[in-house]
């Protein structure tokens, strides 16, 4: 089971739509419990703000910051993304984030 933030789900739906895909499969994964929303922004705002400040030259979106933060909290997870910035982002300051990204 993967854990996501509601902003990350929003970003995933946006990226799918931008690539010409319908987000139905994303909602099906939510409904089946394959992925779940598990990050409360109100509890993580300090860490999210720090990440967004660190990567302000990109600039990092809140959805991206949530995924980076989730990768810090769930060290064994991977981030599935179409966003090449995840090759640049680091968790805990200097560790690469494991990503699943189409070529």
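Laboratory data are not the source of any read-out in this text; all were calculated from the coordinates shown. None of these values were measured; they are calculated from a predicted model. Every residue, glycine as well, gets a Cβ built from its backbone with ideal geometry; the counts of neighbours run over all protein chains shown.
A few points about this structure:
- Among 34, 79, 68: highest mean-square fluctuation, GNM of the chain, C-alpha pairs under 10 Å: 34
- Cβ crowding within 10 Å ranks 54, 69, 42, 49 as 42, 49, 54, 69, fewest other Cβ atoms first.
- Going by neighbour counts of Cβ atoms within 10 Å, the residues 101, 60 line up, fewest first, as 101, 60.
- A full extension of the chain between residue 15 and residue 36 corresponds to an added length of 5.7 nm, given 0.36 nm per residue minus the alpha carbon distance.
- Rel. contact order, % - alpha carbon contacts under 8 angstrom, at least six apart, region 2-100: 27 percent
- GNM flexibility winner over the chain from 35, 73, 88 (Cα, springs under 10 Å): 88
- 10, 76, 81 arranged by Cβ crowding within 10 Å, fewest neighbours leading: 76, 10, 81
- Average projected area [Cα convex hull, the chain], square nanometres: 6.4 nm²
- Helix-only [θ]222 nm of the chain, DSSP H runs n ≥ 4, -39500 (n - 2.57) each, per residue, nearest 500: -14500 deg cm²/dmol
- Of interest is the spacing of the C-alpha centroids, which for region 40-58 and region 60-95 amounts to 11 Å.
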